[in-house]
1. Among the residues of region 1-58, count how many are part of a helix (DSSP H, G or I) and over 30 Å from Q71 (Cα atoms).
2. Restricting the search to region 1-37, which residues are in contact (Cβ under 8 Å) with a residue 12 or more places away in the chain and either of a type outside the set (S, T, N, Q) or in contact with a Cys (Cβ under 7 Å, 6 or more places away or on another chain) (or both)?
3. Does region 20-55 hold any residues that are within 11 Å of the chain's Cα centre (by Cα), within 24 Å of G85 (Cα to Cα) and polar (S, T, N, Q), and which are they?
4. Can you go through G76, G17 and tell me which one is over 21 Å from the mean Cα position of the chain (by Cα) and of a type outside the set (A, V, I, L, M, F, W, C)?
5. Give the number of residues within region 60-101 that are buried (at least 17 other Cβ atoms within 10 Å of the Cβ) and either out of contact with any Asp or Glu (no Cβ under 9 Å at 6 or more places or on another chain) or more than 20 Å from M29 (Cα to Cα) (or both).
Amino acid sequence: MAILEMILIIALGGWAGVLFYNANQQRQMQMVLDNAFYQLLEAQDSCISLIQLSATARVDPQMAQQYLERQVKMLGAVPEVDNDGNTFYRFPKLHLRPSSD
C-alpha cells in the first residue's frame, strides 16, 4: 500500500510540475507578445499587420493571430488593406505625454 501511495504522490507532483511549467510558458509568451505589440503601436503609427507582430515577437503566426484578434476586439481596431493587398489593423492612436526632462 505504501508503494501505491508513493507512486500516486510522485505522479501528482509530476502533473503539478507540468501544469506549472505550461502556465509559466504561457505567461512568458504573453509578455513577449505584449512587448512586441506596444512597440509596434508606437513605431508603426498604430498600424500593425500579422506578419509584423509575428516577426517582432518571433512567435508562430497562428499564436500571433490569436493575440492580434483579441487586441482588435478589445481596442476596436479597424482592418485595412494597403496598395499591395496586405491586411493590417489600424488601432486608435496612442497619445503619449511628452516627457518632463
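Bear in mind that the values in this text are calculations on the coordinates, not laboratory data. This one's a predicted model, so the numbers in the text were calculated from it and none came from an experiment. In this analysis, Cβ positions are derived from the backbone assuming ideal geometry, glycine residues included, and neighbour counts consider all displayed protein chains.
1. Of the residues in region 1-58, the ones part of a helix (DSSP H, G or I) are 2-43, 50-57.
Those still in the list that are over 30 Å from Q71 (Cα atoms) too: 2-17.
Going through region 1-58 one residue at a time, the tally reaches 16.
2. Once the filter is applied, which keeps residues that are in contact (Cβ under 8 Å) with a residue 12 or more places away in the chain and either of a type outside the set (S, T, N, Q) or in contact with a Cys (Cβ under 7 Å, 6 or more places away or on another chain) (or both), region 1-37 yields M29, V32, L33, A36, F37.
3. S54
4. Working: G76 fails: over 21 Å from the mean Cα position of the chain (by Cα).
Unique residue meeting the criteria: G17.
5. Let us first name the residues in region 60-101 that are buried (at least 17 other Cβ atoms within 10 Å of the Cβ), namely 64, 67-68, 71, 77, 88-89, 91.
From what's left, either out of contact with any Asp or Glu (no Cβ under 9 Å at 6 or more places or on another chain) or more than 20 Å from M29 (Cα to Cα) (or both): 64, 68, 71, 77, 88-89, 91.
Matching residues across region 60-101 total 7.
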